[in-house]
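Heads up: the structure comes next, in structure tokens.
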Amino acid sequence: MSEEQRPRLRDLFRPRPIITDRTVTTEADEAVPMGLRVTAGYAWRLLLIAAVVAGFIWIVIQLKLLVIPLMVGILVTALLWPAFEWMLRHRFPRWAAVTISLAGTIAIVGVLLWLVIWQVREQLGDVQDRSAQAVEDFRQFLLTGPLHLSDSQIQDYIDQGLEIINEQTQLLLNGALAVGTTAAHVVTGAVLSLFILICLLADGAGIWRWTLRLFPRAARPAADGAARNGWQTIVNYARTQLLVAAIDAVGIGVGAALLGVPLAIPVAVLVFLGSFIPIVGAVVTGALAVLLALVYNGPWIALAMLAVVLGVQQLEGHVLQPILMGSAVKVHPLAVVLVVAGGSMIGGIPGALFAVPLAAFVNVAAVTISTGSWRTGDRPEADLIWSTVPRERRRRSR
């Protein structure tokens, strides 16, 4: 075989002009309207894409014990990355930067856990007594209030509620052996997440270079540019959500403490963790704080707690976040809600937690490749689920 006839692998990745001379049509094809042909072409391609996505999701669900620790390790790495990168820029040895990052993270988590356990031990008995009294008051209201329910009717409603709870817990009773396995999975996942975090901080660049070799040689520049833009998006997302979570937790926790709502520190920690699920997490944890105030302190304190929750979220979203971040973070609320809902339907709480950063990464990577911005290294100019608009800095005139 001569050199001209020998096929070259690199030619497979070069764009070639579309050849229409070889198109074969029959009388039946010509009888089908053009609109129907185009619709059929789109339909089978969309079905193929849906099948690929469904297959990928099925594989992820089967490997969830590995995927969830990996995602947790990546997200925590993104949270620590600004401080870690700052230490590297200031000539810290990498091993020292890794040690400081891990020690700081473990110390913060340990202090928060200690505060939560301490306050729960101090106030749990009082909260239980107040809750029982609130339930009894509500029962008396049903008996003597405008509804005028009887004891038998109230008992019927209670029995129906207990029946629903028993139906849901029957699965747990049938799989009692799985409780120990689940606890073992949690411990194993935590250790694996910590190991992944250490590896990413210590040699993340080397891991990515090895991963990049899995792509065809001609596709590596595009994959590298798309992944770098996606990673920067994940870092911006993590930094933004950390700021949002801190503001929400401090504001709602201080407000609950000033209003005399019990378990203010556990509520603040729950708000902090829940805020990493955009929009939905803050609403759910804020509603929990209002419900606790309603049961323990009554309707007026609950109304004040609701005002605190709404005020903190409005202050954080419209005043503090742009000032402290120095950039306007643009997130389309509809996209976020739909992505979080879809993630929770597929993967529960982990799915809701990772849905938005994963969707943002995929969106930015796809736009980077489709617009060709990977060739120049510029920010892709297109609509993104998560994007940041840098603040324009004015040059000082000398």
Counting only residues that are part of a loop (DSSP other than H, G, I, E, B) and not hydrophobic (A, V, I, L, M, F, W, C), which one in region 256-277 is modelled with the lowest pLDDT? S275
So which residues in region 203-215 are surrounded by 13 or more Cβ atoms within 10 Å (Cβ to Cβ) and not hydrophobic (A, V, I, L, M, F, W, C)? D203, G204
In region 225-260, which residue that is of a type outside the set (A, V, I, L, M, F, W, C) and out of contact with any Phe, Trp or Tyr (no Cβ under 8 Å at 6 or more places or on another chain) is farthest from L212 (Cα to Cα)? G260
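For region 234-255, which residues satisfy the criterion of being of a type in the set (S, T, N, Q) and at pLDDT 85 or above?
Hits for region 234-255: nothing passes.
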Looking across region 243-271 at residues that are without any contact (Cβ under 8 Å) to a residue 40 or more places away in the chain, under 17 Å from I108 (Cβ atoms) and not β-branched (V, I, T), the single one that is surrounded by the fewest Cβ atoms within 10 Å (Cβ to Cβ) is A246
Can we say A304 is open to solvent by less than 60 Å² (accessible area, probe 1.4 Å) and at pLDDT below 85? no
Residues of region 44-65 being under 24 Å from G348 (Cα atoms) and either over 23 Å from the mean Cα position of the chain (by Cα) or at pLDDT 90 or above (or both), in sequence order, are I49, A50, A51, V52, G55
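Table: residues versus (1) part of a helix (DSSP H, G or I); (2) in contact (Cβ under 8 Å) with a residue 12 or more places away in the chain; (3) over 25 Å from Q232 (Cβ atoms).
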{"position": "E85", "(1), (2), (3)": "yes, no, no"}
{"position": "V98", "(1), (2), (3)": "yes, yes, no"}
{"position": "L102", "(1), (2), (3)": "yes, yes, no"}
{"position": "A107", "(1), (2), (3)": "yes, no, yes"}
{"position": "V120", "(1), (2), (3)": "yes, yes, yes"}
Enumeration of residues in region 272-296 that are in contact (Cβ under 8 Å) with a residue 60 or more places away in the chain and either on the phi > 0 side of the Ramachandran plot or in contact with an Asp or Glu (Cβ under 6 Å, 6 or more places away or on another chain) (or both): I279
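The values are calculated or read from the model by the stated rules, or taken from the named source; none is laboratory data. What you are looking at is a predicted structure, and each value in this text was computed from that prediction instead of being measured. All Cβ positions, even for glycine, are placed from backbone atoms using ideal geometry, and neighbour counts span all protein chains on display. Heavy atoms of the whole protein, side chains included, go into the accessibility calculation; ligands, DNA and RNA do not. Shrake-Rupley method; radii C 1.70, N 1.55, O 1.52, S 1.80 Å.
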